[in-house]
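The values are calculated or read from the model by the stated rules, or taken from the named source; none is laboratory data. If you're wondering where the values come from, they're calculated on a predicted model, not measured in any experiment. For neighbour counting, all protein chains shown are included, and Cβ atoms are generated from backbone atoms with ideal geometry for every residue, glycine included.
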Amino acid sequence: MKRVFYLWIAAVLITGSAFVLQRYTGPTYPKKVSAQINDTTILSLSLPRSGYTDEEVKIEMPPVSWDWSARLYHRPYPTDKEWELNPPFWPEEGVFVSYLPEVSQKAAKLAYYIELENSYEGTTIVLPPDEPVVIRYKGAVPAWALLPHIILMSIALLFSTLTGLHGAYGNPSFRLWGFITALAIFLGGLVFGPVVQKFAFGEFWAGFPFGYDLTDNKTFIMFVVWAIACIVNRKKGNRTVTVVASVITLVIYLIPHSLRGSEFNYETGEVVTGVINLVPSIF
């Protein structure tokens, strides 16, 4: 019993660490940027990379001294259209704000950046300094679809890790936990997952064999891996297959979420599979 308790603790810690890592590497989470605008002031911003359709996205920055002005530029992504200029940032509730325009098309993206200019010194700072931020728009997903998806996929990762640990230590219960893992992936990823995708981006399934959506393909591979493990373990437990399935699942999960997802093509007017660069997403 003591070993089982320790295995549960280890599974929770590993799963929790994976959740944290996923959060900080995912391309839909806000991008942290900073700039030193004088000898004593460092400006830190959190720039959103995900927004809801038909809603303006607020861009906030800390107050700056009177000799600095800030402007927000944006354009559809990926296109070569001219950058559109928003009105300068204005004070609102203790911060400076500007707003990206409303976008009604699901899976559409905008690229944007902030330009800071010091009228007294003639200095210009661009944030982010490397390349514009890309924000993707999604439709609202009802709680009855989103919550079961999140809960079941979280359970799937926890039980996958637990199953692998039980298999590594030879506890026979890994066969039961493996079945529960496969069931959770099927319900959370292949039943509720497409429903969430439809509400958010207008497509039920954009993975194999119809497209290259990385999140859909990750889910499909995880289910296939655990389905194979369950079949192999049906009569006689195979610890090696179980541990391998658990490791593969953890590695797949750590691939940033929505890295290669649905994207609106401004030229064709269709939703296709897009690409979000991995390195800028992490840094």
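Considering segment 251-267 alone, what residues qualify as being within 20 Å of residue 103 (Cα to Cα) and either outside the structural domain of residue 156 (by TED's automatic domain parsing) or modelled with pLDDT of 75 or more (or both)?
Listed by number, the residues that qualify are 262, 263, 264, 265, 266, 267.
Does segment 1-35 hold any residues that are outside any helix (DSSP H, G or I) and modelled with pLDDT under 80, and which are they?
Scanning segment 1-35 gives 1, 26, 27, 28.
Determine whether segment 157-168 contains at least one residue that is surrounded by 21 or more Cβ atoms within 10 Å (Cβ to Cβ), hydrophobic (A, V, I, L, M, F, W, C), over 23 Å from residue 147 (Cα atoms) and touching a residue at least 12 places away in the same chain (Cβ under 8 Å).
yes
Would you check if residue 140 is on the phi > 0 side of the Ramachandran plot and in contact with a strand residue (DSSP E or B) (Cβ under 9 Å, 6 or more places away or on another chain)?
Answer is no for this residue.
Being under 25 Å from residue 197 (Cβ atoms) and polar (S, T, N, Q) is the filter here, so list the residues in segment 82-108 that pass it.
Across segment 82-108, the qualifying residues are 104, 105.
Based on this model, can you work out whether residue 204 counts as touching a Lys or Arg at 6+ places or on another chain (Cβ under 7 Å), without any contact (Cβ under 8 Å) to a residue 12 or more places away in the chain and of a type outside the set (D, E, K, R)?
Considered against the rule, which asks whether it is touching a Lys or Arg at 6+ places or on another chain (Cβ under 7 Å), without any contact (Cβ under 8 Å) to a residue 12 or more places away in the chain and of a type outside the set (D, E, K, R), residue 204 comes out as yes.
Considering 107, 145, which residue is within 18 Å of the chain's Cα centre (by Cα), at positive phi and in contact (Cβ under 8 Å) with a residue 40 or more places away in the chain?
Just a single option satisfies the conditions, and that option is 107.
Among the residues of segment 130-188, which ones are more than 30 Å from residue 266 (Cα to Cα) and among the aromatic types (Phe, Trp, Tyr)?
144, 159, 169, 174, 177, 179, 186
Being among the small types (Gly, Ala, Ser) and loosely packed, with under 15 Cβ neighbours inside 10 Å is the filter here; which residues of segment 87-142 pass it?
94, 104, 119, 122, 140
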